[in-house]
Amino acid sequence: MNLAPLGHVLRSRVAWVDTDAGGRIHFTAVFRWAEAAETALLRSLGLLDEWADYPRRAVEAEYLAVLRFDDEFDLALVAEHVGTSSITYTWDISRGDELCIRGRHTVVHVDSAGRPAPLRPDVRRALAGT
């Protein structure tokens, strides 16, 4: 994945808590890792002050190779699309040169009533790399 200025790479290992009884990752672990990378990206851009107002609208992952307990991996996350009220992130998880998981998730900025609301201009500028 080609990282633009609005990307982040999370380097980590598969923890025991991330695995099923067979020592393979539990499918939900990847969404926590992607969220950690998203948080790190937003922290680096100074955008964590209001982040509780961005619930997930859609999440998906395609599992291409098995990750097991204690495997090292890199998760490369990019803000692929910045819309009027939503942001779509794409991410790849690799073990060395092997692509193991490909995923994406979309967050929507909401107002206090939970309805979609426009992104703040500073959020749009930061994530668009302008």
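The values are calculated or read from the model by the stated rules, or taken from the named source; none is laboratory data. Computed from a predicted model, the values in this text were never measured in an experiment. Glycine also receives a Cβ, built like all others from the backbone with ideal geometry; neighbour counts cover every protein chain displayed.
Residues are listed down the side, and each one gets a yes or a no for (1) within 18 Å of residue 18 (Cβ to Cβ); (2) not small (Gly, Ala, Ser):
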| residue | (1), (2) |
| --- | --- |
| 64 | yes, yes |
| 71 | yes, yes |
| 99 | no, yes |
| 104 | no, yes |
| 108 | no, yes |
| 126 | no, no |
Quick one: in segment 7-23, of everything that is of a type outside the set (Val, Ile, Thr) and part of a strand (DSSP E or B), which residue is farthest from the chain's Cα centre (by Cα)? 13
Candidate set from segment 77-116 (those that are in contact with a helix residue (DSSP H, G or I) (Cβ under 8 Å, 6 or more places away or on another chain) and small (Gly, Ala, Ser)); member that is farthest from residue 45 (Cα to Cα): 103
Kindly provide the set of residues from segment 107-118 that are surrounded by fewer than 17 Cβ atoms within 10 Å (Cβ to Cβ) and not hydrophobic (A, V, I, L, M, F, W, C), ordered by number. 111, 112, 114, 115, 116, 118
May I ask you to list the residues in segment 30-83 that are more than 11 Å from the chain's Cα centre (by Cα), closer than 23 Å to residue 114 by Cα and among the hydrophobic types (A, V, I, L, M, F, W, C)? 47, 48, 51, 52, 58, 82
Pick out the one residue from 70, 92 that is in contact (Cβ under 8 Å) with a residue 12 or more places away in the chain, in a loop (DSSP other than H, G, I, E, B) and over 20 Å from residue 110 (Cβ atoms). 70
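Table: residues versus (1) closer than 17 Å to residue 122 by Cβ; (2) outside any loop (DSSP other than H, G, I, E, B); (3) at pLDDT below 95; (4) among the small types (Gly, Ala, Ser).
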position: 51; (1), (2), (3), (4): yes, yes, yes, no
position: 59; (1), (2), (3), (4): no, yes, no, no
position: 62; (1), (2), (3), (4): no, yes, no, no
position: 84; (1), (2), (3), (4): yes, no, yes, no
List the number of the failed condition for residue 80; all other conditions in (1) buried (at least 16 other Cβ atoms within 10 Å of the Cβ); (2) over 15 Å from residue 102 (Cβ atoms); (3) acidic (Asp, Glu) hold. (2)
From the set of residues in segment 96-118 that are among the aliphatic types (A, V, I, L, M) and out of contact with any Leu (no Cβ under 8 Å at 6 or more places or on another chain), which is farthest from residue 66 (Cα to Cα)? 113
Only one of these is aliphatic (A, V, I, L, M) and either assigned to a loop (DSSP other than H, G, I, E, B) or touching a Ser or Thr at 6+ places or on another chain (Cβ under 9 Å) (or both): 76, 40, 34. Name it. 76
